[in-house]
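First up is the structure itself, then whatever we jot down about it.
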Amino acid sequence: MVFNLTLRQTQGFLMSLAQRLLPGLPVPHYSTLCRRAAGLDVLRPGRRSGPVHLVVDSTGLKVFGEGEWKVRQHGYSKRRVWCKLHLGVDEATGEVLAHELTESNAHDAPILPELLTQVEGPLEQVSEDMAYDTYNCHRAIHPRQRCHSRHPDPQGGSNNPPRPGTKDPPPTRGAIVKRITGIGSKAWKAEANYHRRSLADTAMCHVKTLLSPNLRSRTLPNQKTEAAITVNCLNHFTALGMPVSVKIT
């Protein structure tokens with residue numbers, strides 16, 4: 001993944017290393033790696049020492065990349081297959097604490113509870129965009145200790161009370177809408193530190209530029225393992241150091 005190699009190329013790369021470093025060491029065939037990829041247990045980040053500000057978003061990864069010659073001769077296909085990668089990023093460190101790969105038709109909101117279960121320890125704040133502004137998302141966030149949901153107000157949010165028959169509507173959404181109505185959307189975003197949500201977009205940019213915007217595997221279980229390896233590699237890069245930006249006036 002780091003060297004952007006296919007499984008067949010990886011086999012040859014490992015064979016060349018084994019020939020020079022450990023002669024006689026058997027190297028698995030690339031088809032064996034492909035068949036066993038779905039059962040590979042990829043390490044996940046451990047428990048954090050304190051409350052975490054989690055920023056959440058999703059992006060698309062293309063499946064079955066098209067060759068340059070084919071695109072140049074015939075253009076892109078009308079139907080291009082892709083999957084959706086959902087990320088939960090630590091606002092303070094940039095480390096990806098939670099991830100999930102789904103098919104392209106999966107909505108963002110139902111995936112949020114699964115992302116929250118992957119984060120051990122308390123959550124200080126969860127910041128998302130309007131795609132996650134649902135009662136189920138608020139219900140998943142509310143029980144977590146010291147946790148506050150930060151959504152922008154949807155269109156007509158101040159005039160969008162719970163529908164009749166809604167059982168136990170979460171109080172967090174009503175409090176957010178009330179606050180936005182009182183001080184305005186722009187002031188609320190500054191008060192709630194909402195603009196830090198863009199760090200999730202930064203992590204997605206790192207995935208696509210440092211590693212790959214494509215998925216090489218052809219089945220969803222293998223693609224999930226590939227996505228987990230991608231996130232693990234990105235976290236190793238992040239642990240080496242992050243740039244520090246200083247505003248110069």
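The values are calculated or read from the model by the stated rules, or taken from the named source; none is laboratory data. Here the structure is a predicted model, which means the values were calculated and not measured. Because the Cβ atoms are built from the backbone with ideal geometry, glycine has one as well, and the counts that use them run over all protein chains shown.
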Can you name the condition, by its number, that Thr230 falls short on among (1) polar (S, T, N, Q); (2) surrounded by 19 or more Cβ atoms within 10 Å (Cβ to Cβ); (3) closer than 26 Å to Tyr135 by Cβ? (3)
Is segment 173-180 home to any residue that is assigned to a helix (DSSP H, G or I), modelled with pLDDT under 75 and more than 19 Å from Ala98 (Cα to Cα)? yes
Can you name the number of the only condition in (1) at pLDDT below 85; (2) under 27 Å from Gly241 (Cβ atoms) that Glu91 fails? (1)
Let me confirm something: among Ala190, Ala239, which residue is over 15 Å from the mean Cα position of the chain (by Cα), part of a helix (DSSP H, G or I) and free of Cβ contacts under 8 Å to residues at least 40 places away in the same chain? Ala190
Can you find a residue in segment 31-54 that is surrounded by 12 or more Cβ atoms within 10 Å (Cβ to Cβ), assigned to a loop (DSSP other than H, G, I, E, B) and free of Cβ contacts under 8 Å to residues at least 40 places away in the same chain? no
